[in-house]
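As structure tokens, the structure follows; a few thoughts come after it.
The values are calculated or read from the model by the stated rules, or taken from the named source; none is laboratory data. Since this is a predicted model, take the numbers as computed values, not measurements. Neighbour counts run over all protein chains shown; Cβ positions are idealised from the backbone, glycine included. Please note that ligands, DNA and RNA were not included when accessible areas were found on the heavy atoms of the full protein model with its side chains. Shrake-Rupley method; radii C 1.70, N 1.55, O 1.52, S 1.80 Å.
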Amino acid sequence: MRSNKTIANALLAALCALSAAGASAQNPGLAPVAPEPGQVLASGTVPDEGSKAAVLTKLREVYGADKVVDQIAIGPVAMPANWNGYVQKLITADLKQISRGQLKIDGSNVSLRGEVANESVRQRIASTVATSLNPTYTVNNGLRVSAADQSILDTTLANRTVEFESGKATLTPAGKAILDEMLAALLKLKGRKVEIIGHTDSAGLRATNLGLSQARAETVKTYFASHGLNGDLLTASGQGPDRPIASNDSADGRARNRRIEFRMAQ
């Protein structure tokens with residue numbers, strides 16, 4: 001009998017072709033299949049036809065009968081108690097929100113990979129998976145927020161510096177103009193959580209710079225919240241001089257280090 005490690009590869013790569021074809025574990029005796037974009041590939045080994053039918057039926061309910069590519073093999077493998085029942089609970093419509101994903105159920109180990117649109121979706125899926133299983137299961141949540149949305153913020157900021165009055169947390173008119181552009185981009189990313197991170201150069205006391213960077217990040221958060229963005233989606237922090245992106249030995253380098261950073265929350 002094979003070990004439990006082979007059991008529940010039934011859904012290995014089951015989500016790998018949500019948005020693009022991906023690689024999958026292959027089953028002995030089955031020719032490799034390359035799923036088309038939008039298809040879901042189910043592969044691995046289960047002990048009987050009933051287990052296979054249950055997995056495929058659930059996948060077809062969620063994704064559509066024409067979207068599921070069957071590469072599941074039948075073999076002499078062991079199965080944890082009520083494994084079929086737990087698999088059924090894991091295959092939900094929430095999984096359709098994952099792109100470039102993979103759900104791997106390896107005995108009592110569950111691994112979830114892929115990209116989701118925002119942090120709230122990531123947390124909801126992770127919570128659903130965790131609460132669907134009993135404590136004997138181990139869940140490895142590798143979902144991440146899509147890099148595409150971070151690119152929107154980076155492109156909008158375009159390496160510009162949000163300006164403040166010297167030594168203060170008061171925005172200049174030029175600083176407000178950049179924030180207005182950032183606000184428009186953030187409003188398009190509905191429901192996304194964003195980290196606002198303040199940075200300074202190394203001139204002066206570190207403690208003073210940490211306080212100033214925090215105050216400036218808070219100013220940006222307040223500006224966004226007062227212009228229609230949900231403040232609960234924003235967090236503000238100050239890194240002071242600890243994360244320079246240029247040398248502090250020149251005026252140009254110090255100016256580049258005095259900046260506001262916008263990061264999609266993970």
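Quote the relative contact order of the chain in percent (integer), defining contacts as alpha-carbon pairs under 8 Å separated by 6+ residues.
About 15 percent, as a whole number.
List the residues whose amide H sits under 5 Å from the amide H of THR45, counting only those 5 or more places along or on another chain, with H placed 1.01 Å from N in the peptide plane.
Close amide H contacts, sequence-distant or interchain: ASN9, ALA10, ALA73.
Determine the per residue accessible area of segment 63-199 with all protein chains present and a 1.4 angstrom probe, expressed in square angstrom.
The answer is 46 Å² per residue.
Could you give the Stokes-Einstein D for segment 225-266 in µm² per second, using the C-alpha Kirkwood radius, 20 °C, 1.002 mPa s?
172 µm²/s
Divide, for segment 166-266, the radius of gyration over alpha carbons by 2.2 N^0.38 Å, where N is the residue count.
My calculation over the Cα atoms of segment 166-266 gives 1.07.
Using all Cα-Cα distances in the chain, what percent lands in each 10 angstrom bin from 0 up to the longest?
Bin by bin from 0 Å, the calculated values are 7, 25, 23, 15, 15, 12, 3, 0.
Taking R0 as 35 Å, what's the FRET efficiency between ALA255 and SER99 from their Cβ-Cβ distance, rounded to 0.05?
E(calc), rounded to 0.05, equals 0.35.
Given a cut-off of under 8 Å on Cα pairs at least six residues apart, what relative contact order in percent is computed for segment 102-223? All intermediate terms of the calculation are to be shown ahead of the outcome.
Working: 125 pairs, mean separation 25.9, N = 122.
RCO, segment 102-223: 21 percent.
Report the charge-dipole magnitude of the chain in Debye, nearest 20, computed about the Cα centre from +1 at each Lys and Arg Cβ and -1 at each Asp and Glu Cβ. Before the final figure, lay out each step's value.
On the way: 30 positive and 24 negative charges, 48 e Å.
Dipole about the Cα centre, nearest 20: 220 debye.
Pairing the Cα long axis of helix 49-63 with the longest principal axis of the chain, what angle in degrees results, from 0 to 90 and rounded to the nearest 10?
Tilt of helix 49-63: around 40 degrees.
Residue farthest toward the positive end of the dipole of the chain, with Cβ of Lys/Arg at +1 and Asp/Glu at -1: which of GLY64, ALA78, LEU112?
After comparing all options, I get ALA78.
Excluding the sites themselves, what is the longest stretch of the chain that contains no trypsin sites (Lys or Arg not before Pro) in a DSSP loop with at most 12 other C-beta atoms within 10 Å?
So the longest stretch without any such site is 1-167.
In a GNM of the chain with a 10 Å cut-off on Cα contacts, which of ASP232, ASP201, ASP252 has the highest mean-square fluctuation?
ASP252
Looking only at GLY198, GLY107, GLY167, which one moves most when the chain is put into a Gaussian network model with springs between Cα atoms under 10 Å?
Taking springs between Cα atoms under 10 Å, the residue moving most is GLY167.
Rounded to two decimals, what is the ratio between the C-alpha radius of gyration of segment 143-214 and 2.2 N^0.38 Å?
It is 1.28.
What is the Cα centroid distance between segment 96-130 and segment 200-230, reported in whole angstrom?
Using only Cα atoms to place each centre, the spacing works out to 34 Å.
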